[in-house]
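Everything below concerns the one structure shown next.
Any read-out appearing in this document is the output of simple, stated calculations on the displayed coordinates, not a laboratory observation. These numbers come from a predicted model, not from an experiment. Cβ atoms come from the backbone with ideal geometry, glycine included; neighbour counts cover every protein chain shown.
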Amino acid sequence: MLPGLDSPKKEEPFEFVKLVSCDGHEFFCDKHVAMQCELFKKMCESELSEGQNSELSFQVEGKPAITGRLLEKVIEYLYWKFKYTDCKKWPPPDFPIEDDLVMDLTLVAGYLDC
C-alpha cells in the first residue's frame, strides 16, 4: 500500500436539515451551514438528538409566516456566510438581495437571528 493510504478515511455522515416554508416549499440544507442561524440551532438542539436529520417547519401556528422565497434567500445567505467566514480573500463579495425582499428579509433575519 502507498504511504498514507493504509486505511480508508472514515467519512462523517452527511447531516441535513429540512426546512419547510409556510407555503409548503421544502429545502434541504447542510446542518453545519444551518447552525449559523441561532434559531435553527436552538430548534435542532431542542427537537433532536445527535446524528438525526431534522425537519424545521414554519407551517406551525405561533411561528412567523416565512415564505419559500424568503426561506430560500435565508439559506442562500447561510451558504454565502459559511463560504466567506474566515476567508482569506477580503473583503468578500456583496451578498445580493433583491429590492422587493429587503424589508421582509430584514424582519425574517431578525426573527431567525442570522
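Put +1 on the Cβ of every Lys and Arg and -1 on every Asp and Glu Cβ in the stretch 16-112; which of PRO91, ALA109, CYS44 then has its Cα farthest towards the positive end of the dipole? Toward the positive end, the furthest listed residue is PRO91. In this simple spin-label approximation, LYS83 and ASP113 carry label points 7 Å from Cα along the Cα→Cβ vector, and these lie 2.7 nm apart.
May I ask for the net charge around LEU105, where only other residues with Cβ less than 12 Å from the Cβ of LEU105 are counted and Lys, Arg are +1 while Asp, Glu are -1? For residues surrounding LEU105, the net value is -4.
ASP94 sits among other residues whose Cβ lies under 15 Å from its own Cβ, and their net charge, with Lys and Arg +1 and Asp and Glu -1, is +1. Relative contact order of the stretch 16-112, taken over Cα pairs closer than 8 Å and 6 or more residues apart, is 33 percent. Charge tally around GLN36: other residues with Cβ under 12 Å, Lys/Arg +1 each, Asp/Glu -1 each, net +1.
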